[in-house]
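For reference, the structure discussed in these notes is given below.
The values are calculated or read from the model by the stated rules, or taken from the named source; none is laboratory data. Bear in mind the structure is a predicted one, so any value in this text is a computation, not a measurement. Here the Cβ is made from the backbone with ideal geometry for all residues, glycine too, and neighbour counts use every protein chain on show.
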Amino acid sequence: MAVNRYLANTHLAEKVDISEKRVVNVDYIHKFGRNPNVGGAPETIWMYGGVYSYLTSPSTVYVTSDDADDAAAGTGARTVTVQGLDGNYNNIQETLTVGGSVGTVEFLRVFRAFVVESGSVGTNVGTVLITTGAGGSGTVLADIGTIGTGSTFGLGQTQLALYTVPAHCIGYLTTWNVGVGSYNDATTVSLYTRVFDTGYQSFRTRDIMDVPGGYHTRNFDIPLQIPEKTDIEVRAIASAGSTISSSFDLILVRKR
């Protein structure tokens, strides 16, 4: 109770109410991603690398790994929950066995996946892919990677600096963060949106940072309004082999 009384007298009160889902028709999402090897060609900020490919029609998905320890009875990741949107841009999710059969839920967008059950390692051992084809084939929609050199450990969740606003919602983008692993890396990072209207349109730059390294933040005192079904994505170019991370925060208001 003392904590609640304290919060009631600070600027955090409304944010905590949103976090605890006490505000009717209001939700939030924090998206974050990392790309360990950005060069002179544009890349999406995600562990898999390259520019992200979006589906134009819904698809069932497979969850596979490049390490045999990630499996139904393995020491690594055993099951993974996949979150995204269906063909009508409504929120959906499905939990699948790593290396198991194809799922039954059709995804138009995948914006997050995370390890739910694991063996003694406690997380994924190898790189876990969420794809439209068996054995990691087809379109890669998300990946749960590892970090480290030589001895690595699994991250347990996707690193995807992208999101699509669900149907019947308006997103209000409040914060955008960029981190560059090394100083003196010439880096340009762009925040893109692609509005869905009568079909798929071009990506538009909504903000851009030219940064030499370190951690940088944009706080939007007046939040950027993002319509329903809009794709949001962070891309970058940099010196060869640069590590770049990025995150952004959205308040989601359901239209009544």
Asp185 versus (1) buried (at least 17 other Cβ atoms within 10 Å of the Cβ); (2) modelled with pLDDT under 95; (3) not in a loop (DSSP other than H, G, I, E, B): which is the lone unmet condition?
-> (3)
Among the residues of the stretch 84-96, write down those that are closer than 14 Å to Val115 by Cα and buried (at least 18 other Cβ atoms within 10 Å of the Cβ).
-> Glu94, Leu96
Take Val178 and decide whether it is over 30 Å from Thr217 (Cβ atoms), modelled with pLDDT of 95 or more and crowded, with 22+ Cβ neighbours inside 10 Å.
-> no
Hey, can you tell me all the residues within the stretch 203-215 that are more than 13 Å from Ser190 (Cβ to Cβ) and surrounded by 15 or more Cβ atoms within 10 Å (Cβ to Cβ)?
-> Gly213
Those residues of the stretch 221-238 which are touching a residue at least 40 places away in the same chain (Cβ under 8 Å) and loosely packed, with under 15 Cβ neighbours inside 10 Å amount to Gln225, Pro227
Quick one: is Thr123 of a type outside the set (D, E, K, R), outside the structural domain of Val234 (by TED's automatic domain parsing), part of a loop (DSSP other than H, G, I, E, B) and surrounded by 19 or more Cβ atoms within 10 Å (Cβ to Cβ)?
-> yes
Val23 meets each of (1) surrounded by 13 or more Cβ atoms within 10 Å (Cβ to Cβ); (2) within 20 Å of Leu141 (Cβ to Cβ); (3) among the aliphatic types (A, V, I, L, M) with one exception, condition (2)
Selected residue [in contact with a strand residue (DSSP E or B) (Cβ under 8 Å, 6 or more places away or on another chain), buried (at least 21 other Cβ atoms within 10 Å of the Cβ) and within 30 Å of Arg254 (Cβ to Cβ)] from Val61, Val116 = Val61
